[in-house]
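Notes for the one structure printed next.
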Amino acid sequence: MSQLKILPAEESHIEQMMALELECFGRDAWTEESMRFEALADHTRYFVLLDGEKVRGYAGLSKLPASHQADVQTIAVDPQLRGQGYGRKLMDRLVSEARNLGASEIFLEVRADNSVAQGLYASMGFEHIDTRKRYYQPDDVDAWVMRAALAAETKSQPVVLGIESSCDETGIGIVRGSTLLANVISSSMDQHARFGGVVPEIAARAHLEALQPTLIQALHDAKLSMDDIDAIAVTNGPGLAGALMVGVGAAKALAVASGKPIYAVNHLVGHVGVDVLEGELELPTIALLVSGGHTSLLLVRDLLDDVTLLGETIDDAAGEAFDKVARLLGLGYPGGPSIDIAAKTGDPKAIRFPRGLTLPKDMEKHRYDFSFSGLKTAVARWVEVAEARGEAFSVADVAASFREAVADVLTAKAVAACNDHGVKRLLLGGGVVANARLRELATERCKANDIELRIPELKLCTDNGAMIAALGAQLVMAGRAPSSLDFGVDSTLSVETVYTR
Ligand code: KG4
Ligand code: ZN
């Protein structure tokens, strides 16, 4: 089964939460109106247990700003998942959230006849302190009130604001330690569509316009003000110089105005570090980063101190290849999604397009490198020839065969890197991770090679500020010194420079 994730509840989850609420609590269930109100209120924190898009559980607590007490309001797990430890995971999340909110104690109520739940809570440090007689009606069952004291660990969890502007996404993210608080993205993609690729000047101008509203929205989502931020992290490379400069300029201005420390971090390492937001980042890992701007294969032994570039594209990035091929097939921009759609009905074996840098002679020098420009030319040539002959051809077959060639090379080289280095883990990142065939083939090949595959939620795979904030928080928690304010942008920053002092 796929890995389940615990994420903050959103409006789009309410309907599924209600279905589960009815299934679990029957006639005691809340109304949809109270569920929506409580789950999205300012004084509450609700989380959902997600299996892909499906809500399989949820839990929520309330804490008033003036109070040191947090109250567990509800917890529910899909009956089919009971006994697998998900109740505890949800409770753990509530307890850590209560602690982060500054609560010193947390309370809950449980049916006096539910000894399984009582046992779980007791094992987490909750004590039975009171009984409310005949609390659950009409069953006439008492409620146990249980309480746990929370140790004040709060300050070891820094609140970090991350700013990302290396390409066409303006991203502002906020994390507390390894907990995601906000991730707001404003993309200028639409403005590049008619050019078939990102236009640097347009991207830079769009960042300038988007930064302030994106920042305001992120603080709003996190329910914080600038005063609550402990440090600022910003991408200073690699990426488009003009675009990077906008984010760096804004970050420095914020740091100076607020007196907060600033960390200049590496965008690519951010794509790896983001995994801490979905549980522990297990190391060592091989990371395959594929987007419109980069195609890199990394060996990460330590997130802050030991990141090695194994290989990268020697010409186009994988996403760029999708964009260019989509354009020559007359499909829309960005090319990745439109090729994915067109390929659905095509035959991936219809045309055998070349796999770049996979011949024995290339594999010596370029074992982990990629090349997609030859593939793009091959597709163009194939289409030209078909058209010159006046032959009708299937765009679906071309799209499927092209997609197959890209997914094949990417996954074959990533798996080879795992096997060569004895690393049993592969982490994917970047916008191309959305590709259906890439995911399928990666899953298949990792399984066959006994490699654990990690794919963060798509919103965390594409460029975003949360990954920058997450990496910044790791630096703060490791006690690293902030960057001095005179750092610049570096459009070709090496992945081995995790952050610039
Ligand atoms: O990470 P991202 O949002 O931005 C950067 O380029 O940094 O990635 C965007 C790229 C585009 O080139 C787009 O065509 C590609 O990711 N992409 C895809 C898919 N969805 C987006 N490529 C292949 N298949 C997809 N489904
Ligand atoms: Zn990226």
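The values are calculated or read from the model by the stated rules, or taken from the named source; none is laboratory data. In this text, all values refer to a predicted model and were calculated from it rather than measured experimentally. Using ideal geometry, Cβ is built from the backbone for each residue, glycine included, and neighbour counts are taken over all protein chains shown.
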Item to complete: For residue 444, work out the one condition from (1) charged (D, E, K, R); (2) surrounded by fewer than 16 Cβ atoms within 10 Å (Cβ to Cβ); (3) within 16 Å of ligand 2 (Cβ to nearest atom) it doesn't fulfil.
Response: (3)
Worksheet entry | Breaking point among (1) in contact with a helix residue (DSSP H, G or I) (Cβ under 6 Å, 6 or more places away or on another chain); (2) assigned to a helix (DSSP H, G or I); (3) surrounded by 22 or more Cβ atoms within 10 Å (Cβ to Cβ), for residue 202 | (3)
Practice prompt. Would you please name the residue that is farthest from residue 301 (Cα to Cα), looking only at residues in the stretch 410-438 that are assigned to a loop (DSSP other than H, G, I, E, B) and within 16 Å of ligand 2 (Cβ to nearest atom)?
Written response: 435
Fill in: Odd one out for residue 159 among (1) out of contact with any Asp or Glu (no Cβ under 8 Å at 6 or more places or on another chain); (2) among the β-branched types (Val, Ile, Thr); (3) in contact (Cβ under 8 Å) with a residue 60 or more places away in the chain; (4) away from ligand 1 (no atom under 16 Å from the Cβ)
(1)
Practice prompt. Name the residue, out of 412, 396, 416, 343, that is hydrophobic (A, V, I, L, M, F, W, C), within 32 Å of the chain's Cα centre (by Cα) and buried (at least 22 other Cβ atoms within 10 Å of the Cβ).
Written response: 343
Worksheet item: Only one of (1) outside any loop (DSSP other than H, G, I, E, B); (2) surrounded by 16 or more Cβ atoms within 10 Å (Cβ to Cβ); (3) touching a strand residue (DSSP E or B) at 6+ places or on another chain (Cβ under 9 Å) fails for residue 192. Which number is that?
Response: (3)
Worksheet entry | Of residues in the stretch 261-293 being of a type in the set (Gly, Ala, Ser) and either in a helix (DSSP H, G or I) or within 11 Å of ligand 2 (Cβ to nearest atom) (or both), the one surrounded by the fewest Cβ atoms within 10 Å (Cβ to Cβ) | 293
Worksheet item: Which numbered condition trips up residue 252, out of (1) surrounded by fewer than 22 Cβ atoms within 10 Å (Cβ to Cβ); (2) at pLDDT below 95?
Response: (2)
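Residues are listed down the side, and each one gets a yes or a no for (1) over 30 Å from residue 308 (Cα atoms); (2) over 18 Å from the mean Cα position of the chain (by Cα); (3) away from ligand 1 (no atom under 16 Å from the Cβ):
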{"residue": "202", "(1), (2), (3)": "yes, yes, no"}
{"residue": "216", "(1), (2), (3)": "yes, yes, yes"}
{"residue": "264", "(1), (2), (3)": "no, yes, yes"}
{"residue": "279", "(1), (2), (3)": "no, no, yes"}
{"residue": "286", "(1), (2), (3)": "no, no, yes"}
Worksheet item: Does residue 234 satisfy the criteria of being in the same structural domain as residue 173 (by TED's automatic domain parsing), of a type in the set (Val, Ile, Thr) and part of a helix (DSSP H, G or I)?
Response: no
Fill in: Test result for residue 373, surrounded by fewer than 18 Cβ atoms within 10 Å (Cβ to Cβ), within 16 Å of ligand 1 (Cβ to nearest atom) and more than 28 Å from the chain's Cα centre (by Cα)
yes
Item to complete: Determine, yes or no, whether residue 375 is away from ligand 2 (no atom under 16 Å from the Cβ), over 28 Å from residue 169 (Cα atoms) and in the same structural domain as residue 411 (by TED's automatic domain parsing).
Response: no
Item to complete: Quick one: residue 445 ticks every box in (1) in contact (Cβ under 8 Å) with a residue 40 or more places away in the chain; (2) in the same structural domain as residue 340 (by TED's automatic domain parsing); (3) away from ligand 1 (no atom under 11 Å from the Cβ) except a single one, so which number is it?
Response: (1)
Practice prompt. For residue 173, indicate whether it is out of contact with any Ser or Thr (no Cβ under 9 Å at 6 or more places or on another chain) and either part of a loop (DSSP other than H, G, I, E, B) or assigned by TED's automatic domain parsing to the domain that holds residue 119 (or both).
Written response: no
Fill in: In the stretch 20-37, the residues that are in contact (Cβ under 8 Å) with a residue 12 or more places away in the chain, in a helix (DSSP H, G or I) and within 18 Å of residue 77 (Cβ to Cβ)
20, 21, 23, 24, 25, 28, 35
Discussion item. Would you confirm, using the coordinates I've provided, whether residue 333 is assigned to a loop (DSSP other than H, G, I, E, B), at pLDDT 95 or above, of a type outside the set (Lys, Arg) and under 27 Å from the mean Cα position of the chain (by Cα)?
Written reply: no
Practice prompt. Return the total of residues in the stretch 456-499 being hydrophobic (A, V, I, L, M, F, W, C), part of a loop (DSSP other than H, G, I, E, B) and touching a Ser or Thr at 6+ places or on another chain (Cβ under 6 Å).
Written response: 1
Practice prompt. Pairs only if they're at least six apart or on different chains, beta carbon under 8 angstrom, first in the stretch 124-153 and farther than 21 Å from residue 100 by Cβ, second aromatic (Phe, Trp, Tyr) and at pLDDT below 95; list them, first residue then second.
Written response: 141/135; 142/135; 142/136; 143/135; 143/136
Worksheet item: If you take the residues of the stretch 134-175 that are modelled with pLDDT under 95 and basic (Lys, Arg), which of them is farthest from ligand 2 (Cβ to nearest atom)?
Response: 134
Worksheet item: Of these, 296, 258, which one is hydroxyl-bearing (Ser, Thr, Tyr), more than 17 Å from the chain's Cα centre (by Cα) and surrounded by fewer than 24 Cβ atoms within 10 Å (Cβ to Cβ)?
Response: 258
Discussion item. Out of everything in the stretch 28-86 that is under 22 Å from the mean Cα position of the chain (by Cα) and among the aromatic types (Phe, Trp, Tyr), what residue ends up being surrounded by the fewest Cβ atoms within 10 Å (Cβ to Cβ)?
Written reply: 86
Worksheet entry | Number of the condition not met by residue 314 [criteria: (1) buried (at least 21 other Cβ atoms within 10 Å of the Cβ); (2) away from ligand 2 (no atom under 16 Å from the Cβ)] | (1)
Practice prompt. Select from the stretch 179-196 the residues that are of a type in the set (Gly, Ala, Ser) and within 22 Å of the chain's Cα centre (by Cα) and write down the one among them that is farthest from ligand 1 (Cβ to nearest atom).
Written response: 182
